[in-house]
Every structure is written in structure tokens, then in C-alpha cells.
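First the structure, in the form of C-alpha cells, and then the observations on it.
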């Protein structure tokens, strides 16, 4: 690798947590410190390839109050351009990260007295973790629900943290849908096989008069649930926001 290529690698991987096949948490330390950002925003991550620096946006999973590192929730995407390179990244490796965060998938325009329902599939949970890890996102909300849909239970990467958060906050609810494994009825968080099952749950049933719903992840999931929610009276961008991955 030549010096010009090395010069664009401006962050170091400080921790990698492998959760399941092709699914991991990546924490990086930028050379210039953690950039300011709003929960829900993204940074460009990049690796050196044969054709030069390849970058793609990744949602930030850590809170902006966390100044030691920036965390990302990453999965290997079949046919993806950058994820095969990120799969090979380990602790101590150098990586590129953009200096500024971007994106409007935030709580900035949501009324402070609105309930928040965060619905994500797979690594679409990432930006929601940034939100729920940031106290000012939770304060004053009548309720905040996180609904996470995955194929296998091992893919519930932040399950324990979200269960603990729900146990400490009566207005916070966490529900999960697992489509391919046998349902674990001993786990009260797992309440169905589809995200659509979860929005029928009384604790998290969306109300267009009181709630703002965020959808993040698989485009097919978003298109389907956006249609379901529109039939129930939700309208983008008034009380419905979404961000499609890949």
C-alpha cells in the first residue's frame, strides 16, 4: 500500500464483536476525535481496494455522548461493494471515516410530546441504538418502542442491552420478531415472526394522532409496512420517516 493510500486511512479499529455469521459490531477511533452528530445520522466508512478508496455510508450506532469511539452495526451483504472488505477488518487495522456526519433520519423535527416507534430489520437497528442510548432522545416521551425483525435469534445483536433498558424505563418497550427459528416463548421480548405481528401488540400499536414511526432496513420491509401504516392514517414525512438500506 503506497503512502497516498495510507494517508486517507484516518481511524483505527479499537474493537470488533462478532455476533453471528456475517454480523458484527465495529468500534473505531478517528485520529481527529469523534465528530459531532445527531442520533440517526451516518458516516462514510472506507477501505482501500485495488481501485483505490471505496466508501459507503453506515449509520452510527453509538450515542453522540460517547466520545471514545464510534460504533457501527455491520452485516455482510451478498453482492455488497464495501462489506466484504469490512468483513476482513480486525482490531488495530486502519480504516477511513468521513470527517462530518450526514443525514436527516433524526428526531430533530419530531414534536417533543410525540411517542416514538422505531421499527428496524437486521442492521437497520443501528441508528435506533444511537437514539435510545442518548438520554435527551428519551426524556419527555410518553412512550418509545423498538421493534426489531431478524431471521435468526442470534441476529438480535443488541437484545440484552434493550431488555435491560426496558426494565429500567416503564415508558420504553422492546419487541422482537424472529422469522426462521423456533420462537423462544421464555423470552418475553420475542413476540412474533414478522414485524407486522409486533405493531399489533398493544404496548406498541402505532397511533397516527400521537406517534411518529421510523422505519429502517430492508427496502421490501419498508415498502410493505409503509403501506400498512398509511392505511392506518400515517403520512410521510408528517409522522412517518424511513431509511432504506442497500
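Each reported figure results from applying straightforward, stated rules to the coordinates on display, with no laboratory input. Predicted, not measured: the structure shown is a model, and the values here were computed from it. Methodologically, a virtual Cβ is constructed for each residue, glycine included, from the backbone with ideal geometry; neighbour enumeration extends over all protein chains shown.
Can you pull out the strands (runs of 3 or more DSSP E) entirely within segment 160-246 that have at least 2 residues that are in contact (Cβ under 8 Å) with a residue 24 or more places away in the chain and touching a strand residue (DSSP E or B) at 6+ places or on another chain (Cβ under 8 Å)?
Result: 172-178, 211-217, 240-244.
With the structure loaded, tell me whether residue 29 is in contact with a strand residue (DSSP E or B) (Cβ under 8 Å, 6 or more places away or on another chain), assigned to a loop (DSSP other than H, G, I, E, B), at negative phi and touching a residue at least 40 places away in the same chain (Cβ under 8 Å) or whether it fails that test. So residue 29 does not fit the description; no.
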